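Here is the structure we will look at, set down as structure tokens.
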Amino acid sequence: MKHLWNYRHLTLKLAISEFKLRYKNSVLGFLWSLMEPLLMLTVLYVIFTNLMRVNVEHYQLFLLMGIISWNMLSRGTTMSLNCILGRASLVQKIYFPREVLVISSCITAFLMTLLELVVFGAFMLAFNVIPGITIIYGPIVLFIEFLLILGISFGLAALNVYYRDVQYIWAVLMQAGFFASPIIYPMSIIPEEYVWIIRLNPMTRIIDMLRQSVIYYTAPTILDWIFITAAALSLIVVGYIIFLRLEPGFAEEM
């Protein structure tokens, strides 16, 4: 940790540079990071309120929070997948902790999420939903989600250097996970005997905790805190061990 801390300025510089480069030479610039969840919100809202008639209080905010939470996971892990391969010349020629590349990619995804949360705040005001004191739990849940994403990203980035199929498998898992998680529907429509299976996914609890604390003025339960914290720390340990074991061969594999 001390070694990585010494490279904190490089980490932030890479994260901000990647954030800027994503929208370089585009007319709308940073607005593209806001357009994606809003367009998805519009399509899903029309479908699920008019065709499937989902009855959820403040469904617009319910849906948008789910999309933003999932996008943070999807972006962070997808960007990290190629963070080593995408900087092959840098990895082969210059020494620095390779972990910096993974961390900077996750920070870039987090910065994009912060922009989306600004739009979410505007939607809350537009729909006359005033946040309560329970909103203080929101940033803590987001930080735990960041750790969870970082743990997954360490493992994926390292494995993708050796096995290029990992990026394609992960893309399929992300698509399946979007519909398997309660992003566009409430947990109440899941048969009771299957609820425990859905809740084994830490993202299910993270999305639910964010919604409850920010939109519905409800504090997360102790069990939920323990579960997502244990999941995030476990993934950090496992992902980082995989990264450290595979890191010595990065230059040769590329």
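The values are calculated or read from the model by the stated rules, or taken from the named source; none is laboratory data. Just so you know, these numbers come straight off a predicted model, no measurement behind them. Heads up, the Cβs are rebuilt from the backbone with ideal geometry, glycines too, and the neighbour counts pull from every protein chain shown.
Kindly establish whether I241 is closer than 30 Å to L90 by Cα, free of Cβ contacts under 8 Å to residues at least 40 places away in the same chain and surrounded by 12 or more Cβ atoms within 10 Å (Cβ to Cβ). Show your work before the answer.
Numbers: closer than 30 Å to L90 by Cα: yes; free of Cβ contacts under 8 Å to residues at least 40 places away in the same chain: yes; surrounded by 12 or more Cβ atoms within 10 Å (Cβ to Cβ): yes.
For I241, the condition - closer than 30 Å to L90 by Cα, free of Cβ contacts under 8 Å to residues at least 40 places away in the same chain and surrounded by 12 or more Cβ atoms within 10 Å (Cβ to Cβ) - is met.
Quickly run through the stretch 52-103 and pick out the residues that are part of a loop (DSSP other than H, G, I, E, B), farther than 26 Å from A232 by Cβ and in contact (Cβ under 8 Å) with a residue 40 or more places away in the chain.
Selection gives V54, V56, E57, H58.
Restricting attention to the stretch 91-109, report how many residues are within 17 Å of V161 (Cα to Cα), surrounded by fewer than 16 Cβ atoms within 10 Å (Cβ to Cβ) and touching a helix residue (DSSP H, G or I) at 6+ places or on another chain (Cβ under 8 Å).
Qualifying residue count, the stretch 91-109: 2.
Which numbered condition in (1) of a type in the set (V, I, T); (2) surrounded by 15 or more Cβ atoms within 10 Å (Cβ to Cβ); (3) at pLDDT below 95 is the only one that I130 fails?
Failing condition for I130: (2).
Out of (1) crowded, with 20+ Cβ neighbours inside 10 Å; (2) at pLDDT 90 or above, what's the single condition that is false for M112?
It fails just one condition, (2).
If the requirement is being under 20 Å from the mean Cα position of the chain (by Cα) and either at pLDDT below 90 or part of a helix (DSSP H, G or I) (or both), which of these qualifies: I169, I197?
The conditions single out I169.
Given the options G66, G76, name the one that is at pLDDT 90 or above, touching a Cys at 6+ places or on another chain (Cβ under 7 Å) and of a type outside the set (S, T, N, Q).
Details: G66 fails: touching a Cys at 6+ places or on another chain (Cβ under 7 Å).
That would be G76, the only listed residue that is at pLDDT 90 or above, touching a Cys at 6+ places or on another chain (Cβ under 7 Å) and of a type outside the set (S, T, N, Q).
The rows are residues; the columns are (1) at pLDDT 90 or above; (2) farther than 23 Å from F120 by Cβ.
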| residue | (1), (2) |
| --- | --- |
| I136 | yes, no |
| I140 | yes, no |
| Y185 | no, no |
| E192 | no, yes |
| I207 | yes, no |
| Q212 | yes, no |
| Y217 | yes, no |
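I need a count of the residues in the stretch 214-236 that are among the hydrophobic types (A, V, I, L, M, F, W, C), crowded, with 18+ Cβ neighbours inside 10 Å and in a loop (DSSP other than H, G, I, E, B).
Selection size over the stretch 214-236: 1.
Please state which of the following conditions A157 fails to meet, knowing it meets all the rest: (1) surrounded by 22 or more Cβ atoms within 10 Å (Cβ to Cβ); (2) at pLDDT 95 or above; (3) of a type in the set (A, V, I, L, M).
Tallying (1) surrounded by 22 or more Cβ atoms within 10 Å (Cβ to Cβ); (2) at pLDDT 95 or above; (3) of a type in the set (A, V, I, L, M), A157 fails exactly one: (2).
Out of the residues in the stretch 219-254 that are among the acidic types (D, E) and closer than 29 Å to Y163 by Cα, which is modelled with the highest pLDDT?
E247
Please find, within the stretch 170-188, the residue that is farthest from A157 (Cα to Cα) out of those that are of a type in the set (A, V, I, L, M, F, W, C) and free of Cβ contacts under 8 Å to residues at least 12 places away in the same chain.
This residue is F179.
Any chance the stretch 129-136 includes a residue that's in contact (Cβ under 8 Å) with a residue 40 or more places away in the chain and more than 19 Å from Y216 (Cβ to Cβ)?
no
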